[in-house]
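To start, the structure under review is shown below, and the notes come after it.
Every number in this text was worked out from the coordinates using simple rules, so none of it is lab data. Not measured: the values here are computed from a predicted model. Note: ideal-geometry Cβ built from the backbone for every residue, glycine included; neighbour counts use all protein chains shown.
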Amino acid sequence: MKHMEDLKITGIDNNRPPIISKKPYIDLVFSLSEKAAEQWCKDFNASFKNDEHKAKISLENCIHIESWVKTMDKIPAHLEALKIKVAECNILFNDQQNAIAEAASNSGKKEEDLQGPQGQLNQIISKLDFN
């Protein structure tokens, strides 16, 4: 599985630009530099569960971050918060992929065999702290 070091927000989705409307908020749809892995998207969505900045990424396309702000002056700070989350998810995803690769090399199994539920179980087990 490839790493996500370079995944970043590149701009606003050209097909869904922000518009002023009668809604009490402004919808924002940001584009990523490339399609993210499904696990990356799940981690990204989970990271906003209790966050003041609401955002989500569709598991179907994994390339557009959908979010909103109450007023237009909040857009720059919102973007900065999203960029931080993207970087954090890149690190988390890479750590997960490294754990899968390490488990594969330690067990002699192919990396592909350790994706999905078995890979997730291996990750959890490898991170247990028995001290």
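Structure values in brief
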{"read-out": "Rel. contact order, % - alpha carbon contacts under 8 angstrom, at least six apart, the chain", "value": "24"}
{"read-out": "In Å, descending, principal axis extents of the Cα set of the chain", "value": "58, 33, 21"}
{"read-out": "Helix-only mean residue ellipticity at 222 nm for the chain, each DSSP H run of n ≥ 4 adding -39500 (n - 2.57), per residue, nearest 500", "value": "-14000 deg cm²/dmol"}
{"read-out": "Within region 5-24: backbone nitrogen closer than 18 Å to the ILE75 label point (7 Å, Cα to C-beta)", "value": "9-24"}
{"read-out": "Cα centre as origin, Lys/Arg/Asp/Glu Cβ charges: the chain dipole, Debye", "value": "520"}
